[in-house]
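Contents: one structure, followed by commentary.
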Amino acid sequence: MSIKSLAEDDRPREKFLLKGKAAVSDSELLAIIMGSGNREESAVELARRILKSVENNWHRLSQLSIKDLMKFKGVGEAKAISIATALEIGNRKSQQEVLERQQISSSKDIFEILQPHLSDLPTEEFWAVFLNHQNKILYKTCLFRGGIASSVADVRVIFKTALEHFSTRIVIAHNHPAGSLKPSQQDIAITNKIKDAGKLLEIELLDHIIIAQNKFYSFKEEGIL
């Protein structure tokens with residue numbers, strides 16, 4: 001079904017889906033917020049008239065009260081509140097600074113980030129922190145639970161996640177519920193396997209951290225990695 005064959009109230013939504021948000025005009029965006037027009041006007045026509053009354057200026061539109069908006073035929077209280085809400089969201093968004101991604105500079109940084117997740121667990125969990133080339137965190141997640149041995153065959157999951165987040169560096173970590181920081185042969189094997197796999201994909205393994213309560217062991221600092 002083409003956009004032209006749809007009712008005019010439905011066209012902005014379809015256009016948004018098919019062509020993307022940048023292709024939608026101001027009046028079409030406002031029409032999507034309102035959802036419908038009135039008996040004489042489609043949502044797009046009504047939106048066009050509302051915007052024309054404020055010289056197509058979103059800032060001036062945001063200054064209209066609920067009662068001002070309700071003066072337009074077809075705009076009841078619910079529509080007026082929807083318009084005001086959308087504009088307020090835009091206002092708050094513009095006032096917020098873009099959050100700076102946390103940057104990792106040491107093994108201790110990773111420990112401090114993951115300790116709340118791993119220090120007091122009764123069973124093992126295996127986590128990965130995915131970084132960009134500046135060592136800024138793109139994503140972190142628990143990948144496996146119930147023991148590191150079960151994760152050896154799932155190295156591909158780690159790198160699948162890294163590729164999904166365009167990560168070029170990773171740090172892995174797991175906990176030792178019993179309290180010992182000494183890496184097992186299995187810990188060393190999985191570290192080497194991930195390191196070697198990363199070389200093929202040009203994704204660097206920076207460190208492997210073992211966490212036990214308020215202590216940690218770094219493969220990199222100990223010269224194993």
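The values are calculated or read from the model by the stated rules, or taken from the named source; none is laboratory data. These figures come from a predicted structure and were not determined experimentally. Glycine also receives a Cβ, built like all others from the backbone with ideal geometry; neighbour counts cover every protein chain displayed. Surface areas here come from the heavy atoms of the whole protein model, side chains and all, with no ligands, DNA or RNA. Shrake-Rupley method; radii C 1.70, N 1.55, O 1.52, S 1.80 Å.
Take the alpha-carbon positions of segment 38-138, form their convex hull, and give its projected area averaged over all directions (one quarter of the hull surface) in nm².
The Cα convex hull of segment 38-138, projected and averaged over all directions, gives 12.0 nm².
Positive-end ranking of Asn214, Ile113, Ser36 along the dipole of the chain, with charges on Cβ about the Cα centre, is headed by Ser36. In the chain, a dipole from Cβ-located charges (positive for Lys and Arg, negative for Asp and Glu) runs towards its positive end, and of Gln186, Gly20, Leu64 it is Leu64 whose Cα lies farthest in that direction.
About the centre of its Cα atoms, segment 44-84 shows a dipole size close to 100 debye [charges on the beta carbon of Lys, Arg (+1) and Asp, Glu (-1) only; nearest 20 debye].
With a Förster radius of 22 Å, plug the Cβ-Cβ distance of Ser180 and Asp120 into 1/(1 + (r/R0)^6) and report the FRET value to the nearest 0.05.
Working: r = 16 Å, r/R0 = 0.71.
It comes out at approximately 0.90.
For the chain, what % of the accessible area comes from carbon and sulfur atoms, probe 1.4 Å? Answer for the chain is 52 percent, counting heavy atoms of protein chains only. The Cα atoms of segment 30-92 define a convex hull whose projected area, averaged across directions, is 3.6 nm².
In terms of packing, defined here as the mean over residues of other Cβ atoms within 10 angstrom, the peptides 68-75, 218-225 line up highest first as 68-75, 218-225. Just the number, please: percent antiparallel of the DSSP beta bridges in the chain, rounded to the nearest 5. Antiparallel: roughly 70 percent of the beta bridges in the chain. Comparing mean-square fluctuations of Ala43, Ala84, Ala22 from a GNM of the chain with C-alpha springs under 10 Å, the top value falls on Ala22.
Accessible area per residue for the chain, computed on protein heavy atoms with a 1.4 Å probe, is 59 Å². Working from Cα positions, state the angle (0 to 90°, nearest 10) between the long axis of helix 77-95 and the longest principal axis of the chain. The answer is roughly 50 degrees.
Pairs exceeding 32 Å between alpha-carbon atoms, taken from Lys140/Lys215; Lys15/Lys136; Lys21/Lys108; Lys93/Lys140; Lys136/Lys182: Lys15/Lys136; Lys21/Lys108. A Stokes-Einstein calculation at 37 °C with viscosity 0.692 mPa s, built on the Kirkwood radius of the chain over Cα pairs, returns a diffusion coefficient of 152 µm²/s.
If you bin all the Cα-Cα distances of segment 119-225 at 10 Å, starting from zero, the percentages per bin are 15, 52, 30, 3.
The Ala189 and Gln102 beta-carbon pair, evaluated with R₀ = 35 Å, returns a calculated FRET efficiency of approximately 0.70. Using the alpha-carbon atoms, what tilt in degrees (0 to 90, nearest 10) does helix 43-53 show relative to the longest principal axis of the chain? Orientation of helix 43-53: about 80 degrees from the principal axis. Compared with the dominant principal axis of the Cα atoms in the chain, helix 185-201 is inclined by about 50°. Placing +1 on the Cβ of every Lys and Arg and -1 on the Cβ of every Asp and Glu, with nothing else charged, gives the chain a dipole about its Cα centre of roughly 560 debye. Extending 7 Å from the Cα toward the beta-carbon at both His165 and Lys215 defines two label points whose distance is 2.9 nm.
Accessible surface ranking for Phe130, Phe144, 1.4 angstrom probe, highest first: Phe144, Phe130.
Mean separation of Cα pairs under 8 Å and 6+ residues apart, divided by the residue count of the chain: what relative contact order is that in percent?
For the chain, the relative contact order is 14 percent.
Leu61: net charge of surrounding residues, Cβ under 11 Å, Lys/Arg +1, Asp/Glu -1, itself excluded?
Details: positive: Lys52, Arg60; negative: Asp26, Glu55, Asp68.
Combined, the nearby Lys, Arg, Asp and Glu give -1.
Projecting the Cα atoms of Ala162, Pro177, Leu87 onto the charge dipole of segment 50-194, computed from C-beta unit charges around the Cα centre, puts Leu87 farthest toward the positive end.
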